[in-house]
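Undergrad: Pasting in a structure now, in structure tokens, and then I'll have a few things to ask.
The values are calculated or read from the model by the stated rules, or taken from the named source; none is laboratory data. If you're wondering where the values come from, they're calculated on a predicted model, not measured in any experiment. Cβ atoms come from the backbone with ideal geometry, glycine included; neighbour counts cover every protein chain shown. Remember, those area values only see protein heavy atoms, side chains included, never the ligands or the DNA or RNA. Shrake-Rupley method; radii C 1.70, N 1.55, O 1.52, S 1.80 Å.
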Amino acid sequence: MFVFLFFVASLMATTTLAGNFYNDFDITWGGSHAKILNGGQLLTLSLDKASGSGFQSKKEYLFGRIDMQLKLVAGDSAGTVTAYYLSSQGPTHDEIDFEFLGNVSGQPYILHTNVFAQGKGGREQQFYLWFDPTRNFHTYSIVWNPQRIIFMVDNIPIREFSNAEKLRVPYPKSQPMRIYSSLWNADDWATRGGLVKTDWTKAPFTAYYRNFNANACTSATSCSPTSKNGLRDDAWRTQELDAWSRRRLRWVQKNYMIYNYCSDLKRFSQGVPPECRPSRVH
């Protein structure tokens, strides 16, 4: 039954209306290492010894739901990082991260997540995935509203970061953010802490993107409760995890989480951050 529900969730995650990469994104670096194909329906990023590549959204977003389907670098991807994230600019920037840390053939990718608010990050959680992310496209989503940030994979929540401003914990809520993605060499840290280096004989390394969807506000004005800005579905505005979603979240975190900053007592020997109270889920 649980497998069937996973299938339904995955199907739901792939039926949103897709954007067009020509209309929605700019290639920002890497030149011919980044390509938009199939009339704007597919984007590829490549990495070799000469260069990686990256792109960013034309628009900035302030709250919403962002979906993107990715198929990650196959084979020996050790040393590579595929980053997909929201970010503002400047020393007090906000940021919501998915980063996929490559590995040697046959070993799992690590999905690294983080949240920055007012320039402060350090809120890492890391996961293995319950599938091979290089064989097929999978949907990676960020739901961001004033109350919480939900990270989802194929519509299955893997992390919730709640607004804890009442505990004086900064929360991303006032800086519009663009969508960024890049494929780059990080073999000084990405795989086993830098012990495994990028094997350039396996280059070029290529990641694939399709079915981008931003059901999101582009400014504080367009995000007001009375706004009529043509959003297809504004359920994300107050979205929270229901009982079924919390069961799935607990399943993922019990079976696939490999690092949680809230549990790192060596790192926080004087006490974990205030948002890490046992009553909270992040």
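Undergrad: Straight distance only, please: which lysines reach the Cα of residue 59 with their own Cα at less than 21 Å, same-chain residues fewer than 8 apart left out?
TA: Partners within reach: 35, 173, 228.
Undergrad: Work out Dmax and Rg for segment 104-146 from the C-alpha atoms and quote the Rg first, both in angstrom.
TA: 13.6, 40
Undergrad: Applying a 10 Å radius around every beta-carbon, put 192-202, 145-155 in order of their mean neighbour count, most first.
TA: Descending packing order for the listed peptides: 145-155, 192-202.
Undergrad: Rg and Dmax of segment 101-255 over Cα atoms: what are they, in angstrom?
TA: Gyration radius and largest Cα-Cα distance of segment 101-255: 17.8, 56 Å.
Undergrad: Could you give the alpha-carbon Rg of segment 124-210 over 2.2 N^0.38 Å, rounded to two decimals?
TA: 1.39
Undergrad: Let me ask another. Once the Cβ-Cβ distance between residue 38 and residue 89 is put in as r, and R0 is 22 Å, what FRET efficiency do you end up with, to the nearest 0.05?
TA: Numbers: r = 31 Å, r/R0 = 1.41.
Plugging the Cβ-Cβ distance into 1/(1 + (r/R0)^6) gives 0.10.
Undergrad: When ranked by the protection proxy of mean other Cβ atoms within 10 Å per residue, highest first, what sequence do the peptides 66-74, 236-244 form?
TA: 66-74, 236-244
Undergrad: Here is a further query. Would you mind working out the magnitude of the charge dipole of the chain relative to its Cα centre, with +1 at each Lys and Arg C-beta and -1 at each Asp and Glu C-beta, to the nearest 20 Debye?
TA: Values: 31 positive and 24 negative charges, 120 e Å.
Dipole about the Cα centre, nearest 20: 580 debye.
Undergrad: So, in Å, what gap is there between the alpha-carbon centers of segment 177-203 and segment 82-147?
TA: Segment 177-203 and segment 82-147 have Cα centres separated by 14 Å.
Undergrad: Is the shape of segment 13-87 rounded, prolate or oblate, going by the alpha carbon gyration tensor and its root eigenvalues a ≥ b ≥ c, with a/c under 1.5 for rounded and a/b larger than b/c for prolate? Kindly include the intermediate steps, with their values, before the conclusion.
TA: Details: a/c = 1.61, a/b = 1.49, b/c = 1.08.
In terms of gyration-tensor shape, prolate.
Undergrad: Moving on. On a straight-distance basis, which lysines could pair with residue 197 in a cross-link, Cα separation under 16 angstrom, same-chain partners fewer than 8 positions away excluded?
TA: List returned: 49.
Undergrad: Another question, if that's okay. So which aspartates and glutamates can residue 266 reach, going by Cα to Cα under 15 Å and dropping same-chain residues fewer than 8 places off?
TA: Cα-Cα hits under 15 Å: 124.
Undergrad: Please compute the volume of the convex hull spanned by the alpha-carbon atoms of segment 10-154 and report it per residue in Å³. Mind showing how you got there, number by number?
TA: Details: hull volume 19.6 nm³, N = 145.
Hull volume normalised by residue count: 135 Å³.
Undergrad: How much accessible area per residue does the chain have, in Å², with a 1.4 Å probe?
TA: That works out to 47 Å² for each residue.
Undergrad: Of the accessible area of the chain, with the probe set at 1.4 angstrom, what percent is carbon plus sulfur?
TA: After summing per-atom areas, the C and S share lands at 52 percent.
Undergrad: Something else now. Two decimals is fine: what's Rg over Rh for segment 46-131, C-alpha atoms, Kirkwood radius as Rh?
TA: 0.98
Undergrad: Take the Cβ-Cβ distance between residue 267 and residue 49 as r, set R0 to 25 Å, and report the resulting FRET efficiency rounded to the nearest 0.05.
TA: Details: r = 34 Å, r/R0 = 1.37.
The computed FRET efficiency comes out at 0.15.
Undergrad: At q = 0.07, 0.08, 0.14 Å⁻¹, work out log10 I(q)/I(0) for the chain with the Debye formula, treating every Cα as an identical point scatterer and leaving solvent out; two decimals please.
TA: -0.25, -0.32, -1.07
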